[in-house]
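This report refers to the structure that appears directly beneath it.
The values are calculated or read from the model by the stated rules, or taken from the named source; none is laboratory data. Source: prediction; values computed, not measured. Glycine gets a Cβ as well: all are built from the backbone with ideal geometry, and neighbour counts include every protein chain shown. Remember, those area values only see protein heavy atoms, side chains included, never the ligands or the DNA or RNA. Shrake-Rupley method; radii C 1.70, N 1.55, O 1.52, S 1.80 Å.
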Amino acid sequence: MKADLEKPQNSPAQRLTVAAMTNADVRAVTRIEALSFSTSWPASAFASELNDNKLAHYFTGRAGTAEDGTIVAYGGIWVILDDAHVTTIAVHPEWRGRRYGEQMLVHLMHEAIARGASWITLEARRSNVVAHRLYRKYGFSTIAIRRAYYSDNGEDAVVMWAGHLRGDLYRRRLAALEQRLEQDLV
């Protein structure tokens with residue numbers, strides 16, 4: 001999983017309009033991808049996920065309304081039976097610090113639950129402590145380290161899992177975190 005979440009800045013937190021990614025969105029998404037990751041997916045990879053992978057569910061986040069907003073974030077999951085895997089999540093560098101990454105993660109969590117997932121996993125670079133902090137906030141725990149996982153520099157990946165997504169305890173946790181997030185948005 002590739003994660004590039006926003007760093008705190010002095011920008012107000014704003015609502016993100018999230019919608020299913022379409023083929024028309026791939027160009028904007030690949031621009032964010034190239035700005036966010038040293039090894040990035042090509043447009044053909046996103047097109048294949050959208051058109052060929054029945055387990056894949058990808059979303060874009062727009063600043064403003066769905067009709068006139070700029071794509072500033074995206075994320076994706078695979079749902080396989082009762083397991084979900086966050087495959088990617090990124091925020092355009094110029095739009096970080098507005099809690100768009102957190103909002104996209106919340107959307108992905110709801111999507112996973114709605115599609116029947118009880119567990120969700122992801123990988124994040126060992127050095128991405130901002131992402132680790134966010135994932136722990138949402139109930140993810142580190143379960144393993146994948147040595148030299150990232151091909152660009154040989155960095156380790158931290159494998160994280162969150163479970164019992166459909167249970168009352170997790171639903172209450174997610175609802176409370178989402179309520180606090182909503183209160184912080186303009």
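Results for (1) within 17 Å of the chain's Cα centre (by Cα); (2) crowded, with 20+ Cβ neighbours inside 10 Å; (3) not β-branched (Val, Ile, Thr), shown as yes or no for each residue.
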position	(1), (2), (3)
Met21	yes, yes, yes
Val29	yes, yes, no
Ala63	yes, no, yes
Tyr74	yes, yes, yes
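Could you please find all residues in the stretch 9-26 being part of a loop (DSSP other than H, G, I, E, B) and modelled with pLDDT of 95 or more? Lay out the reasoning, then the answer.
Let us first name the residues in the stretch 9-26 that are part of a loop (DSSP other than H, G, I, E, B), namely 9-15, 21-22.
Across the stretch 9-26, the qualifying residues are Met21, Thr22.
Just to be sure I understand the filter: pairs with C-beta atoms under 9 Å, separated by 6 or more residues or on different chains, first member in the stretch 40-69 and without any contact (Cβ under 8 Å) to a residue 12 or more places away in the chain, second member surrounded by fewer than 15 Cβ atoms within 10 Å (Cβ to Cβ). Which pairs pass?
Matching pairs, first to second residue: Ser40/Ala34.
Which members of the stretch 32-60 meet the condition of being at pLDDT 95 or above, in contact with a His (Cβ under 8 Å, 6 or more places away or on another chain) and over 21 Å from Gly116 (Cβ atoms)?
Answer for the stretch 32-60, where residues must be at pLDDT 95 or above, in contact with a His (Cβ under 8 Å, 6 or more places away or on another chain) and over 21 Å from Gly116 (Cβ atoms): Ile32, Leu35.
Please verify whether Asp82 is free of Cβ contacts under 8 Å to residues at least 40 places away in the same chain, open to solvent by 10 Å² or more (accessible area, probe 1.4 Å) and over 21 Å from Arg166 (Cβ atoms), treating the condition exactly as stated.
On the way: free of Cβ contacts under 8 Å to residues at least 40 places away in the same chain: yes; open to solvent by 10 Å² or more (accessible area, probe 1.4 Å): yes; over 21 Å from Arg166 (Cβ atoms): no.
It is false that Asp82 is free of Cβ contacts under 8 Å to residues at least 40 places away in the same chain, open to solvent by 10 Å² or more (accessible area, probe 1.4 Å) and over 21 Å from Arg166 (Cβ atoms).
Check Thr70 against each of (1) within 21 Å of Leu185 (Cβ to Cβ); (2) open to solvent by less than 50 Å² (accessible area, probe 1.4 Å); (3) among the β-branched types (Val, Ile, Thr) and name the one condition it does not meet.
(2)
Residues of the stretch 63-82 being of a type in the set (D, E, K, R) and modelled with pLDDT of 95 or more, which ones? Can you show your working first?
Initially, the stretch 63-82 is screened for residues of a type in the set (D, E, K, R), giving 67-68, 82.
Result: Asp82, single match.
Among the candidates Glu49, Glu94, which residue alone is open to solvent by 10 Å² or more (accessible area, probe 1.4 Å), touching a Gly at 6+ places or on another chain (Cβ under 8 Å) and among the acidic types (Asp, Glu)?
Details: Glu94 fails: touching a Gly at 6+ places or on another chain (Cβ under 8 Å).
Of the residues listed, the single one that is open to solvent by 10 Å² or more (accessible area, probe 1.4 Å), touching a Gly at 6+ places or on another chain (Cβ under 8 Å) and among the acidic types (Asp, Glu) is Glu49.
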